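J.: Before I ask anything, let me first share the structure, which is written out below as structure tokens.
The values are calculated or read from the model by the stated rules, or taken from the named source; none is laboratory data. Model, not experiment: these values are computed from the prediction. Here the Cβ positions follow ideal geometry from the backbone for every residue, glycine too, while neighbour counts run over all protein chains shown. When the accessible area is computed, the model is the full protein with side chains, heavy atoms only, and any ligands, DNA or RNA have been set aside. Shrake-Rupley method; radii C 1.70, N 1.55, O 1.52, S 1.80 Å.
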Amino acid sequence: MTKYMQIYERFIRKINDILLLNASDDDAEKMMFGWLSSAIPHAMKIDSDLSNRDDEIRRFNNDLSDIEQEYLSCLMVTEWLKPQINSTLYTNQFFGSGEEKFFAQSNQLDKLMSLKKTNESETKKLRRDYGYQKMLRESEG
């Protein structure tokens, strides 16, 4: 059985979030549970049945392989990035010396979107490699 904490630990190594680090253990776990819950529907075509889980005790009822755990943690990063990109911080204009603040907003948003695209690309590569490994196992067995 794979505990959610195993996936959370992989996820935490991929990000640098001061708010998450400063949150209480309970609050941090709730946030990570939310990102994992949002990531699971996007984890397509893996061997393990991700619906076979116990959210009360925070574990999958089967053993997820290392690559499946890594894949879920990468999907969690995407879910973690979405609210940052969709923040009103970037959709509302600040008052003040307009061009400077607009440029800073736009620049930060561009960086976040680039980070999201990079993460999605890495996640797709991981998914592809997982598929290749599965095909090799099936052809050998």
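J.: Using the per-residue mean of other Cβ atoms lying within 10 Å as a proxy for protection, in what order, highest first, do the peptides 12-22, 55-65 fall? Before the final figure, lay out each step's value.
T.: On the way: 12-22: 11.5, 55-65: 13.8.
Top to bottom by mean Cβ count within 10 Å: 55-65, 12-22.
J.: Further question on the same structure: So how do 38-51, 67-80 stack up, highest first, on mean other-Cβ count within 10 Å?
T.: 67-80, 38-51
J.: Below 18 Å, Cα to Cα, which aspartates and glutamates can Lys125 reach? Residues fewer than 8 away in the same chain don't count.
T.: Within the straight-line limit of under 18 Å, Lys125 reaches these aspartates and glutamates: Asp47, Asp66, Glu68, Glu70, Glu79.
J.: Send over a whole-number figure in Å² for the accessible area per residue of the range 1-55, probe 1.4 Å.
T.: That works out to 63 Å² for each residue.
J.: Now for a different question. Measure nothing but the geometry: give the 0 to 90° angle between the long axis through the Cα atoms of 66-85 and the longest principal axis through the Cα atoms of the chain, rounded to 10°.
T.: With both axes taken from Cα atoms, the answer is about 20 degrees.
J.: Where does the charge balance sit around Tyr8 when Lys and Arg score +1, Asp and Glu -1, over other residues with C-beta under 12 Å from its C-beta?
T.: +4
J.: Can I ask one more? Only helical DSSP H runs with n ≥ 4 go in: add -39500 (n - 2.57) per run for the chain, normalise by residue count and round the 222 nm mean residue ellipticity to 500 deg cm²/dmol.
T.: -22500 deg cm²/dmol
J.: Still on this structure, please answer the following. Greater than 28 Å separation of Cα atoms is the criterion. Which listed pairs, Lys45/Lys111; Lys3/Lys45; Lys111/Lys134; Lys30/Lys134; Lys45/Lys116, meet it?
T.: Lys45/Lys111; Lys111/Lys134; Lys30/Lys134
J.: Return, for the Cα atoms of the chain, the radius of gyration and Dmax in Å, separated by a comma.
T.: Reported Rg and Dmax, both Å: 18.0, 66.
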